[in-house]
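Accompanying notes for the structure given below.
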Amino acid sequence: MKNIPLFDLNFGKEEEEAVIEVLRSKWISMGPKTKEFEDEYARLHHSKYAVAVTNCTAALHLALRVCGVGVGDEVIVPSLTFVATASAVRMIGATPVFADVVSLDDWTISPEDIKQKITKKTKAVIPMHFGGHGADMLKICALAEKYGLKVIEDACHAPLGVRDGQHLGTLGDFACYSFYSNKNMATGEGGMLLTQNEEYEKQSRLLRAHGMTATAYDREQGKEFYDIVDWGYNYRMDDIRAAIGVAQVAKLEADVKKRKMLADRYRENLVDQADVSIPFSQYPGESSNYVMGVLLEKGDRKEIRKLLAEKGVGTSMHYPPVHQFECYKEFSTELPFTEDIGCRELSLPLYFSMTIEDVDYVCDQLKLVLTKQKV
Ligand SMILES: *Cc1c(COP(=O)(O)O)cnc(C)c1O
């Protein structure tokens, strides 16, 4: 029997050596490695600016703050996402307004439903690029322009992603990324903000580090003592993580390429299966394939996951809809596609070191398990 986890890290000597180098340099907090990581991340994503932060939740919070979103404002978000997309809105004191996804095939936020939910209080929208597949940014940005809304991309799933010929992460006012350990690239905890707006970049750097006009590293380099010019946070990345980030970002293009090959194989193997359907069949772009999600057309998901686990296959669910969580009940609404997908979605293993044979094994086991399931 094989053992195929849901996810595995792509770490090697490069990451180990990068960390040791920083430890020996004795500059372990935010400094030159963080800058190097930012520059390389921006370059690969065709972005003018990149600001490294502690995690994506902090990135989302910072983006909302710099966009001027505050108490009493409404922010339109998907519910088929990780909770942080909505909790960042709560952190700033604003109200999350949940919108449905496009369809059972396109699991990104629906521009039509966004339009329905715009009110006088709406200040921003946070599309999330599900599983590496971009939301319809052309339509969303056109709506934002018309109604004067800010757009913050939750691009955690979509490093290097493309939709409609455009680079995801460069289309909104900000884009936010996570380097939590199960993402396309990992630093343990970590995040990045991309923006094309010079003023936003300056504000983000300032608020990331307490609103201080000079960081400790700047002062080490001879800058004057600091003033505090705004109410800031401590959302700094450190150079130990940034060094891992520099090593990981060098592997990102290969990661996305390999994932595409594996995801294509999953599609090939499962396309004729009546018992599952695979979303994004018409995706107009290149996905980062962060999640290999399928929709179960029959059977008991809990039972299916248990039987797959017995065959050494790790699975997960993306996502339990946020609007159905206890703490979000007061913001709840009806989102038919999101609720349906939330009950029937199954995420299959997908990561760089997986092989075609592993994908075939997972698909064979899934087919076997499904044939035993009642309708
Ligand atoms: C992982 C993730 C986040 C949160 O990232 P952290 O770095 O853990 O704060 C937010 N949104 C989405 C879609 C994610 O996948």
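The values are calculated or read from the model by the stated rules, or taken from the named source; none is laboratory data. Note that the structure is a prediction, hence the values are computed from the model and not measured. Cβ placement follows ideal geometry from the backbone for every residue including glycine, while neighbour counts extend to all protein chains displayed. Calculation scope for accessible area: heavy atoms of the full protein, side chains included, ligands and nucleic acids excluded. Shrake-Rupley method; radii C 1.70, N 1.55, O 1.52, S 1.80 Å.
A few comments on the model shown:
- Angle between the chain longest axis and helix 301-310 axis [Cα atoms, degrees, rounded to 10]: 90
- Cα centroid separation - segment 332-356 against segment 86-157, whole Å: 19
- Across segment 81-88, rounded Karplus estimates of 3J(HN,Hα) from the backbone phi angles (6.51 cos²θ - 1.76 cosθ + 1.60, θ = phi - 60°) give 7, 6, 3, 4, 4, 8, 5, 4 Hz, Gly and Pro being marked x.
- Summing charges over neighbours of T333, with a neighbour being any other residue whose Cβ is under 13 Å away from its Cβ, gives -4 when K and R count +1 and D and E count -1.
- Reachable lysines from K139, criterion Cα separation under 18 angstrom, eight or more residues apart if same chain: K115, K117, K123, K150
- Accessible-area ranking of W107, W27, W231, largest first, probe 1.4 Å: W231, W27, W107
- Counting only aspartates and glutamates at least 8 places from K260 when in the same chain, those with an alpha carbon closer than 14 Å to its own are E268, E286.
- For D106, nonlocal amide neighbours, meaning residues 5 or more places apart or on other chains whose placed amide H falls under 5 Å from its own, are F280.
- In Å², nearest 10: area of S103 left accessible to a 1.4 Å probe: 30
- Nearest 10 degrees, 0 to 90: helix 56-66 Cα axis against the chain principal axis: 50
- Other-chain or far-sequence residues with amide H under 5 Å of T213's (modelled H): D227, V229
- Phi-based couplings in Hz for segment 339-347 (Karplus 6.51, -1.76, 1.60; Gly and Pro marked x): 5, 5, 4, x, 7, 10, 6, 9, 9
- Environment charge at D238 (Cβ cut-off 11 Å; Lys +1, Arg +1, Asp -1, Glu -1): +1
- 12 Å beta-carbon shell around L168, net charge (K/R +1, D/E -1): -4
- Computed about the Cα centre, the dipole magnitude for segment 112-257 is approximately 460 debye when only Lys and Arg (+1) and Asp and Glu (-1) carry charge, each at its Cβ.
- Segment 252-374 shape via C-alpha gyration tensor axes, a/c threshold 1.5: oblate
- Phi angles across segment 113-128 convert, under the Karplus curve 6.51 cos²θ - 1.76 cosθ + 1.60 with θ = phi - 60°, into 3J(HN,Hα) values of 5, 4, 4, 4, 9, 6, 10, 4, 8, 5, 10, 7, 9, 10, x, 10 Hz, Gly and Pro given as x.
- Here Y180 sits with roughly 100 square angstrom of accessible surface, probe radius 1.4 Å.
- Helix 356-371 axis versus longest C-alpha principal axis of the chain: approximately 50°, rounded to the nearest ten.
- Candidate aspartates and glutamates - alpha carbon under 14 Å from K26, same-chain residues fewer than 8 apart omitted: E220, D238, D239
- Shape call, the chain: gyration tensor on alpha carbons, a/c limit 1.5: oblate
- The peptide list 365-372, 93-100, 161-168, put in order of mean Cβ contacts within 10 Å with the highest first, becomes 93-100, 161-168, 365-372.
- Gyration tensor (alpha-carbon) shape descriptor, segment 170-266, a/c threshold 1.5: prolate
- Helix-only arithmetic for the chain: the sum of -39500 (n - 2.57) across DSSP H runs with n ≥ 4, divided by the residue total, places the mean residue ellipticity at 222 nm at -11500 deg cm²/dmol.
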